[in-house]
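The values are calculated or read from the model by the stated rules, or taken from the named source; none is laboratory data. Since we're looking at a predicted model, the values are computed, not measured. Cβ sites come from the backbone with ideal geometry, for glycine too, and all protein chains shown count toward neighbours.
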Amino acid sequence: MAVTLTENAAAHVKRHLARRGKGVGLRVGVRTSGCSGLAYRLEYADAVNPDDLEFESHGVKVVVDAKSLPYLDGTELDYAREGLNEGFRFRNPNVKDQCGCGESFNV
């Protein structure tokens, strides 16, 4: 079981953690939302909770809560810049369907 980052995503997170001046890594989770049921949640992790699982990817700690891991297992996060748009891209092998706007998914 793992959630990983590409080199581009890890470099982006490292830069932002350095600018922030604090944090132990990137927290990835899911929440109930949208028309398909689940949405991704990303934030910087300032601490690791007792029920969290930790993964290391290209020198960056990825923190996932135990309830989110079944929906995220095997996911790879990439960070891409295309023209004026930039952001994280989720490659989640568990996704069965997505809403038309791409904001939510179900497994």
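Could you list all residues from the range 17-34 that are in contact (Cβ under 8 Å) with a residue 12 or more places away in the chain and either part of a strand (DSSP E or B) or surrounded by 12 or more Cβ atoms within 10 Å (Cβ to Cβ) (or both)?
Scanning the range 17-34 gives 17, 23, 24, 25, 26, 27, 28, 29, 30, 33, 34.
Please return the ranges of strands (runs of 3 or more DSSP E) entirely within the range 39-82 where 2 or more residues are closer than 19 Å to residue 12 by Cα and among the aliphatic types (A, V, I, L, M).
60-65, 76-82
Select, from 14, 61, the only residue that is touching a Gly at 6+ places or on another chain (Cβ under 6 Å), at pLDDT 95 or above and of a type in the set (D, E, K, R).
None of the other options fit; the residue is 61.
Restricting to the range 7-35, give me the number of residues that are farther than 22 Å from residue 69 by Cβ and either of a type in the set (Ser, Thr, Tyr) or touching a Cys at 6+ places or on another chain (Cβ under 8 Å) (or both).
Summing the residues that are farther than 22 Å from residue 69 by Cβ and either of a type in the set (Ser, Thr, Tyr) or touching a Cys at 6+ places or on another chain (Cβ under 8 Å) (or both) in the range 7-35 gives 1.
I'm told residue 57 meets every condition in (1) surrounded by fewer than 13 Cβ atoms within 10 Å (Cβ to Cβ); (2) within 12 Å of residue 4 (Cα to Cα); (3) of a type in the set (Gly, Ala, Ser) except one. Can you identify the failing condition by its number?
Exception for residue 57: condition (1).
Among what's in the range 64-91 and is at pLDDT 90 or above and of a type in the set (A, V, I, L, M), pick the residue that is nearest to residue 6 (Cα to Cα).
So, considering only residues that are at pLDDT 90 or above and of a type in the set (A, V, I, L, M), the one nearest to residue 6 (Cα to Cα) is 77.
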